[in-house]
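Engineer: I'd like to ask you about the structure that follows.
The values are calculated or read from the model by the stated rules, or taken from the named source; none is laboratory data. Source: prediction; values computed, not measured. No Cβ is skipped: glycine too gets one built from the backbone with ideal geometry, and neighbour counts run over all protein chains shown.
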Amino acid sequence: MSSVAEIRAQAEEVAAGWSAPGGPESWQLTAALFRAIASHDGLLGRLAALPADRLPALLASAAISFLVRRDGPEPLARYFPEPGAAQPPFDNGFYPAARGFVAARLDDILTECQGRRYQMNEVARCTQIALGIAATRPGPDPIAVADLGTGAGLGLPLDRYRYRVGQLATGPADAALSLDCTVRGPHQPPPADLPPIAERAGVDLHPIDLRDPAARSWLRACAPPEASALARLSAAIEVTQQHPAPLVAGDVVDALPGVLGRFPPDRPLVVVDAYLAVFLPAERRARLAALLAEAGRARPVTWLSLDPLLPLGPAGRYSVQGLPLPGWLVRDYQRSGVFAVLGARTFHGHVDQGRLLARAHPSGQWVEWLEPR
């Protein structure tokens with residue numbers, strides 16, 4: 001279980017990540033929703049009864065969004081965008097509306113939290129993953145991709161999306177979904193040119209069936225209440241339904257050997273972990289690394305991790321992959337709120353090579369490349 005203080009700190013950390021200077025106005029609602037959760041002692045007290053691995057603060061945000069979209073309570077509902085619509089104006093009237101809704105619907109919020117798991121499928125993170133693949137697997141040789149914690153599998157057709165990173169666009173010109181990403185910092189990332197993906201599969205404890213309307217509704221509730229995020233999600237759902245890939249149900253670590261065994265034995269592998277390893281206990285992360293090292297004895301295996309720092313919360317200071325981090329990066333994380341670190345560990349033979357590549361916004365809206373080219 002998490003304490004009230006831990007849940008409050010996690011909510012405040014997410015709010016800080018969505019309220020950085022220079023962020024678009026459409027991010028205000030997401031930041032405000034997590035601030036409202038952090039400030040509601042009654043809600044926090046009830047959330048503290050949930051297991052920590054259910055991510056209580058994030059689960060509460062999804063439950064509130066789900067109930068608001070389902071029931072349309074005024075005046076709170078007018079702040080939440082609908083799929084395909086523009087972002088509604090935000091003002092300070094949100095806070096009393098949110099407090100009143102939470103107080104009146106506390107039991108309903110907890111019922112949703114108790115019966116569900118938080119499953120955010122932010123497809124914009126594919127931009128950082130594509131950059132990571134381009135940086136670590138350059139060249140024309142085909143690869144296989146395994147996506148850990150795949151959810152609905154929206155990250156598996158990443159070669160069917162178009163990427164605009166700064167001023168450079170890559171990917172299919174006729175793609176149904178284009179992902180825009182701002183570049184920060186002095187270093188330019190490599191072009192997001194992907195090698196051919198010959199095989200792909202995802203694994204998740206509870207894969208999401210996109211054919212189920214109720215599952216799609218909950219998936220939208222787990223997305224940030226931001227118009228462009230909902231538009232990306234809708235487009236990604238359509239692409240994924242048109243190009244389905246195998247999804248394996250099971251514990252991501254226990255099921256990993258079977259998933260990797262689906263691929264040809266000589267195929268270079270890229271194993272993707274986006275906001276998954278940070279939630280694993282230390283011994284399970286160590287087991288994950290050991291399994292990848294074992295698989296890498298016969299062929300190159302690259303573990304791409306896009307995760308916040310450990311421990312999860314404002315005291316984060318360690319990479320989930322054990323990569324060394326510069327002090328300024330850790331201090332900025334603790335001061336400015338959550339962001340993800342993109343790292344790569346490549347196992348081949350008896351070599352284990354780690355690289356710190358970038359840091360990125362939780363919703364993939366910016367990237368700061370840390371490795372000079």
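Engineer: Picking from Asp141, Asp71, which residue would you name as being surrounded by fewer than 18 Cβ atoms within 10 Å (Cβ to Cβ) and either assigned by TED's automatic domain parsing to the domain that holds Ala175 or among the basic types (Lys, Arg) (or both)?
Structural biologist: Sole residue among the options that is surrounded by fewer than 18 Cβ atoms within 10 Å (Cβ to Cβ) and either assigned by TED's automatic domain parsing to the domain that holds Ala175 or among the basic types (Lys, Arg) (or both): Asp141.
Engineer: Follow-up question, since we're still on this one. For Arg211, state whether it is among the basic types (Lys, Arg) and either part of a helix (DSSP H, G or I) or under 24 Å from Phe339 (Cβ atoms) (or both).
Structural biologist: no
Engineer: Which of (1) touching a helix residue (DSSP H, G or I) at 6+ places or on another chain (Cβ under 8 Å); (2) closer than 27 Å to Leu67 by Cβ; (3) of a type in the set (A, V, I, L, M) is the odd one out, the single condition Leu177 does not satisfy?
Structural biologist: Failing condition for Leu177: (2).
Engineer: Among the numbered criteria (1) farther than 24 Å from Pro311 by Cα; (2) assigned to a loop (DSSP other than H, G, I, E, B), which single criterion is violated by Leu50?
Structural biologist: The number of the failed condition is (1).
Engineer: Would it be correct to say that Leu309 is touching a helix residue (DSSP H, G or I) at 6+ places or on another chain (Cβ under 6 Å) and not aromatic (Phe, Trp, Tyr)?
Structural biologist: Judged against the criteria, Leu309 is a match.
Engineer: A follow-up question, please. Pick out the one residue from Leu306, Leu288, Leu323, Leu276 that is surrounded by 21 or more Cβ atoms within 10 Å (Cβ to Cβ), within 25 Å of Leu55 (Cβ to Cβ) and more than 17 Å from the chain's Cα centre (by Cα).
Structural biologist: The conditions single out Leu288.
Engineer: Do the conditions hold for Ala358, that is, is it within 21 Å of Asp180 (Cα to Cα), of a type in the set (A, V, I, L, M) and part of a strand (DSSP E or B)?
Structural biologist: It is true that Ala358 is within 21 Å of Asp180 (Cα to Cα), of a type in the set (A, V, I, L, M) and part of a strand (DSSP E or B).
Engineer: Name the residue that is surrounded by the fewest Cβ atoms within 10 Å (Cβ to Cβ), counting only residues in the range 222-252 that are assigned to a helix (DSSP H, G or I) and charged (D, E, K, R).
Structural biologist: For the range 222-252, the residue satisfying everything is Glu238.
Engineer: Sort out which residues of the range 54-90 are among the basic types (Lys, Arg) and within 22 Å of Glu12 (Cα to Cα), and write them in order of number.
Structural biologist: Across the range 54-90, the qualifying residue is only Arg54.
Engineer: Can I ask one more? If you go through the range 147-172 one residue at a time, how many are in a helix (DSSP H, G or I) and either under 14 Å from Pro195 (Cβ atoms) or within 17 Å of the chain's Cα centre (by Cα) (or both)?
Structural biologist: 2
Engineer: Tell me yes or no: at least one residue of the range 185-192 is crowded, with 16+ Cβ neighbours inside 10 Å and under 22 Å from Gly149 (Cα atoms).
Structural biologist: no
Engineer: Identify the residue in the range 84-116 that is in contact (Cβ under 8 Å) with a residue 60 or more places away in the chain and surrounded by fewer than 15 Cβ atoms within 10 Å (Cβ to Cβ) and, among all such residues, is farthest from Trp218 (Cα to Cα).
Structural biologist: The residue in question is Tyr95.
Engineer: Answer yes or no: is there a residue in the range 263-273 that is of a type in the set (D, E, K, R), under 23 Å from Val338 (Cβ atoms) and at pLDDT 95 or above.
Structural biologist: Yes, the conditions are met somewhere in the range 263-273.
Engineer: Within the range 335-356, restricting attention to residues that are crowded, with 18+ Cβ neighbours inside 10 Å and of a type in the set (A, V, I, L, M), which residue is modelled with the lowest pLDDT?
Structural biologist: Val338
Engineer: Filter the range 159-200 down to the residues that are among the charged types (D, E, K, R) and closer than 18 Å to Pro140 by Cα and list them by number.
Structural biologist: Listed by number, the residues that qualify are Asp159, Arg160, Asp193, Glu199, Arg200.
Engineer: With aliphatic (A, V, I, L, M), in contact with a strand residue (DSSP E or B) (Cβ under 7 Å, 6 or more places away or on another chain) and in a helix (DSSP H, G or I) as the only criterion, which of Ala134, Ala144, Ala130 stands out?
Structural biologist: Result of the check over Ala134, Ala144, Ala130: Ala130.
Engineer: Okay, moving on. Any residue in the range 23-45 that is hydroxyl-bearing (Ser, Thr, Tyr), more than 20 Å from the chain's Cα centre (by Cα), surrounded by 18 or more Cβ atoms within 10 Å (Cβ to Cβ) and under 22 Å from Trp218 (Cβ atoms)?
Structural biologist: The answer is no, given that none of the residues of the range 23-45 is hydroxyl-bearing (Ser, Thr, Tyr), more than 20 Å from the chain's Cα centre (by Cα), surrounded by 18 or more Cβ atoms within 10 Å (Cβ to Cβ) and under 22 Å from Trp218 (Cβ atoms).
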